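Have a look at the structure below, then the notes.
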Amino acid sequence: MLPFVEIDHVDQVFPLPGGGEYIALKNIDLTIRKGEFISLLGHSGCGKSTLLNIIAGLAKPAAGGVVLEGRQVTEPGPDRMVVFQNYSLLPWLTVRENIALAVNRVMATASKSERSAIVEQHIDLVNLRHAADKRPGQLSGGMKQRVAIARALAIRPKLLLLDEPFGALDALTRSSLQDQLMQIAEEHELTCIMVTHDVDEALLLSDRIVMLTNGPESYVGQIMDVPFERPRDRLEVVNHPSYYGMRSEIVYFLNQQKQAKKRKAALQVGAIARNGLEKVNLELGFVPLTDCAPLVVAKELGFFEKYGLEQVTLSREPSWKAIAEGITSGRLDAAQMIAGMPLALTLGMGGKAPVPVTTGLVLSRNGNAITLSQRFLHDGVRTVEELKAAIARTPDKVPTLAVVHPASMHNLMMRHWLATGGIDPDQDVNLVTIPPPQMVAALKGGGIDGFCVGEPWNSRAIQEGLGYAIATDLDIWPGHLEKVLGVREDWANRYPKTHIALVTALLEACEYCDDRRNREALAELLSRDEYVGATVDQIRPGLVTPYDRGTGDEPEQLLRYNQFFVDRTNCPYRTEGLWIMTQLARWGITPFPRNWFDILDRTRRLDVFGAAARDLGLLDTEPNRSPIHFADGSVFDPDDPIGYLHSLAIKRDVQVEEVSIDVVTV
Ligand SMILES: Nc1ncnc2c1ncn2[C@@H]1O[C@H](COP(=O)(O)OP(=O)(O)OP(=O)(O)O)[C@@H](O)[C@H]1O
């Protein structure tokens, strides 16, 4: 189905008075379904109104465009009505006349009586019959805004655009108008895009909240699905178990944007060289997950300082996409990354220009599970084969399963697991991408039927009675690499001593995290809002206490579920990188590089890992070239990756080609 509104790679640029230009919006890309309510949220000046004006046709974008029902928007039109904060009513006309003016202009071909009936109907719609003959000067702010909404709705727009419509109203009027708007939008299946500063308003009204980053070059930093059922009641919404989690996620995003400004200023300070290191001021990205533990421990326990890194800031990022953007743009020095990300960025995932990114450290192994909605458990689904049979029983109901990023082990492991059961991940199920902290809300809202994610998000879904872990990654590939430390190749070349100091500090933190005597304290530390922001009870399973799969079986003691150090966790072995490249090619995410040896050499800095390991007195750093054995009995032989790819029954069209990597500099 065609999207209703398509905002296609929109940029907006304004000239500056003293010459030069201000890039307000950069590459805004968004599709909106018919009947959807979207909120645009962001700090003042981030470009919300600029975007709304482009959608309205009041301004032309510098690049890209907006398509409404397959037609390019080039000018204002009656199919899009805007409701502004300041009402914009004509002061010399009454309520009735203000509404009639718009109706008479747009519906000129309708008969006089038809037009008059529409005007009267909309006066009633917003409960203004008693004030129909009053002029704006005789109305309260709330009444004026109701006239503006009635006027916009009376001409039956396809798209209602609202620019902070309730911003100037007192709290009571505001909530009553929000309720009315919600009711009208639902009854008339209106598609709405609303600019707001108000987080609670966005959560109450929207199907999706689109969060813009701070300018210049604002872009869509995060999109949150709001899964509350409709019709909505404000009390039920605020009492919904996901409400405060979602609210804090948004507030966190907004706070982070504020800090980003300070960081940008700090970046302009440039590298501070000290302690024999080229740079001691670092910005490190992480995503709220239990396995961000080594970064948190290195920061909280002073390991960064111990190795001379005096000014390390941890930046809690909303998604892996934000991490990729942070590293490729140079906003972040280094980041916790999903294992496939350095390779995917280096190979140029999604048609993007390759950005060489390298890793010198595996931060963690295992730690993920595949959680399905409880309804599958009620249907007796305990294995992937039983899942296949369940899917076959309901061919009209294709399950939607979520992963966190195309280059994540979650995607690759989920696909591998489905394929071992004969389920084609692109044909038999619908695979979607959702950031980790939003998985539980999406499952609760019924938008998805299961997911593969790291902790504590599985345990949270299990504890809330929403799902059960049909498999942990110990059931698929025990001991697989999971998170790595990623840096741009040019960054690693520019700051080689800093890179080794960073890897050394984190390696020591990994050792701390693996010691079970530290695990309870670790769970407490991670639970803090600035890190994972979940309860300690949600973080403990698998990390501290036995893992409860939510199946009714006894919880299991999974000693290797969160593995940070033992069993040669930390070396970024090339064989594992090679397997990831076969999978990225298997599923059509990137081509398989004929020059794979060169790619592995550049993306896996065994020399950096070796230097750090020697600093800590660890000797066991030699490369491991053993084949990989999967739990389903299949084996990956690193000497024949292309033969392995061809042997796989379920796959896409595999491209094998030479990948040239230009060195990019920040
Ligand atoms: N015509 C213009 N010429 C130059 N700069 C502009 C113009 N219009 C907007 N800007 C700049 O573009 C940026 C985005 O402005 P915009 O009004 O879209 O922000 P906003 O997010 O809607 O802010 P607010 O929430 O305060 O209304 C701001 O920095 C603003 O100064």
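The values are calculated or read from the model by the stated rules, or taken from the named source; none is laboratory data. Treat the numbers as computed from the prediction; the structure is a model and nothing was measured. So basically every Cβ, Gly included, is an ideal-geometry build from the backbone, and we count neighbours across all protein chains shown.
Which residues, taken from the stretch 423-442, are part of a helix (DSSP H, G or I) and among the hydrophobic types (A, V, I, L, M, F, W, C)?
439, 440, 441, 442
One line per residue, one yes/no per condition, for (1) at pLDDT 85 or above; (2) of a type in the set (Gly, Ala, Ser):
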{"residue": "264", "(1), (2)": "no, no"}
{"residue": "271", "(1), (2)": "yes, yes"}
{"residue": "275", "(1), (2)": "yes, no"}
{"residue": "278", "(1), (2)": "yes, no"}
{"residue": "284", "(1), (2)": "yes, no"}
{"residue": "288", "(1), (2)": "yes, no"}
{"residue": "295", "(1), (2)": "yes, no"}
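Please go through (1) within 15 Å of the ligand (Cβ to nearest atom); (2) modelled with pLDDT under 90; (3) surrounded by fewer than 21 Cβ atoms within 10 Å (Cβ to Cβ) for residue 78 and return the number of the only condition it doesn't satisfy.
For residue 78, the failing item is (1).
Enumerate the pairs (first residue in the stretch 405-422 and touching a residue at least 40 places away in the same chain (Cβ under 8 Å) and outside any helix (DSSP H, G or I); second residue anywhere and crowded, with 24+ Cβ neighbours inside 10 Å and aromatic (Phe, Trp, Tyr)) with beta-carbon separation below 8 Å, excluding pairs fewer than 6 apart on the same chain, so at least 6 apart or on different chains.
So the pair list comes out as 405/320; 407/320; 408/320.
Residue by residue through the stretch 24-41, note down the ones that are more than 13 Å from the ligand (Cβ to nearest atom) and either of a type in the set (A, V, I, L, M, F, W, C) or closer than 19 Å to residue 64 by Cα (or both).
Answer for the stretch 24-41, where residues must be more than 13 Å from the ligand (Cβ to nearest atom) and either of a type in the set (A, V, I, L, M, F, W, C) or closer than 19 Å to residue 64 by Cα (or both): 27, 29, 30, 31, 32, 37, 38.
Could you tell me whether residue 206 is touching a residue at least 12 places away in the same chain (Cβ under 8 Å), touching a Cys at 6+ places or on another chain (Cβ under 6 Å) and either closer than 26 Å to residue 319 by Cα or small (Gly, Ala, Ser) (or both)?
So residue 206 fails the test.
May I ask you to list pairs of residues, at least six apart or on different chains, whose Cβ atoms are under 6 Å apart, with the first in the stretch 636-650 being free of Cβ contacts under 8 Å to residues at least 60 places away in the same chain and the second being assigned to a loop (DSSP other than H, G, I, E, B)?
As it stands, the answer is 637/627, since those pairs meet every condition given.
Just to confirm my filter: which helices (runs of 4 or more DSSP H) fall fully inside the stretch 238-332 and include at least 3 residues that are within 17 Å of the chain's Cα centre (by Cα)?
243-269, 320-329
Among the residues that make up the stretch 85-106, is at least one of them surrounded by fewer than 19 Cβ atoms within 10 Å (Cβ to Cβ), without any contact (Cβ under 8 Å) to a residue 40 or more places away in the chain and small (Gly, Ala, Ser)?
Within the stretch 85-106, none of the residues are surrounded by fewer than 19 Cβ atoms within 10 Å (Cβ to Cβ), without any contact (Cβ under 8 Å) to a residue 40 or more places away in the chain and small (Gly, Ala, Ser).
Under 30 Å from residue 656 (Cβ atoms) and touching a residue at least 12 places away in the same chain (Cβ under 8 Å): is that true of residue 330 in this structure?
No; evaluated as a whole, the condition is false for this residue.
Working only within the stretch 522-548, note down all residues that are in a loop (DSSP other than H, G, I, E, B) and either on the phi > 0 side of the Ramachandran plot or under 24 Å from the mean Cα position of the chain (by Cα) (or both).
Passing the criteria: 528, 529, 530, 531, 532, 533, 534, 535, 542.
Which residues, taken from the stretch 177-218, are within 13 Å of the ligand (Cβ to nearest atom) and assigned to a loop (DSSP other than H, G, I, E, B)?
Once the filter is applied, which keeps residues that are within 13 Å of the ligand (Cβ to nearest atom) and assigned to a loop (DSSP other than H, G, I, E, B), the stretch 177-218 yields 197, 198, 213, 214, 215, 216, 217.
Would you confirm whether any residue within the stretch 499-515 is under 29 Å from residue 225 (Cβ atoms) and not β-branched (Val, Ile, Thr)?
no
Would it be correct to say that residue 44 is under 30 Å from residue 252 (Cβ atoms) and away from the ligand (no atom under 12 Å from the Cβ)?
Against the criterion (under 30 Å from residue 252 (Cβ atoms) and away from the ligand (no atom under 12 Å from the Cβ)), residue 44 does not qualify.
Identify, please: which residue in the stretch 50-63 is crowded, with 18+ Cβ neighbours inside 10 Å and of a type outside the set (A, V, I, L, M, F, W, C) and is, among those, nearest to the ligand (Cβ to nearest atom)?
50
Would you pick out the residues in the stretch 145-166 that are closer than 20 Å to residue 116 by Cα and charged (D, E, K, R)?
Answer for the stretch 145-166, where residues must be closer than 20 Å to residue 116 by Cα and charged (D, E, K, R): 146, 151, 156.
Would you call residue 21 closer than 16 Å to residue 193 by Cα, among the acidic types (Asp, Glu) and more than 8 Å from the ligand (Cβ to nearest atom)?
no
Where residues in the stretch 328-343 are within 25 Å of residue 592 (Cβ to Cβ) and at pLDDT 95 or above, which of them is surrounded by the fewest Cβ atoms within 10 Å (Cβ to Cβ)?
341
In the stretch 620-631, what residues are at pLDDT 90 or above, in contact with a helix residue (DSSP H, G or I) (Cβ under 9 Å, 6 or more places away or on another chain) and closer than 22 Å to residue 592 by Cβ?
Within the stretch 620-631, 627, 628, 630 qualify.
Scan the stretch 219-234 residue by residue and report those that are crowded, with 16+ Cβ neighbours inside 10 Å and outside any strand (DSSP E or B).
The answer is 219, 226, 227, 228, 232.
For the stretch 356-373, which positions are part of a loop (DSSP other than H, G, I, E, B) and surrounded by 24 or more Cβ atoms within 10 Å (Cβ to Cβ)?
Once the filter is applied, which keeps residues that are part of a loop (DSSP other than H, G, I, E, B) and surrounded by 24 or more Cβ atoms within 10 Å (Cβ to Cβ), the stretch 356-373 yields 366, 367.
Per-residue answers, yes or no, for (1) more than 23 Å from residue 533 (Cα to Cα); (2) in contact (Cβ under 8 Å) with a residue 24 or more places away in the chain; (3) hydroxyl-bearing (Ser, Thr, Tyr):
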residue: 189; (1), (2), (3): yes, yes, no
residue: 193; (1), (2), (3): yes, yes, no
residue: 239; (1), (2), (3): no, no, no
residue: 248; (1), (2), (3): no, yes, yes
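Residues in the stretch 219-235 that are within 16 Å of the ligand (Cβ to nearest atom) and among the hydrophobic types (A, V, I, L, M, F, W, C): how many?
1
On the basis of being within 26 Å of residue 129 (Cβ to Cβ), buried (at least 19 other Cβ atoms within 10 Å of the Cβ), touching a Phe, Trp or Tyr at 6+ places or on another chain (Cβ under 7 Å) and at pLDDT below 85, does residue 177 make the cut?
In short, yes.
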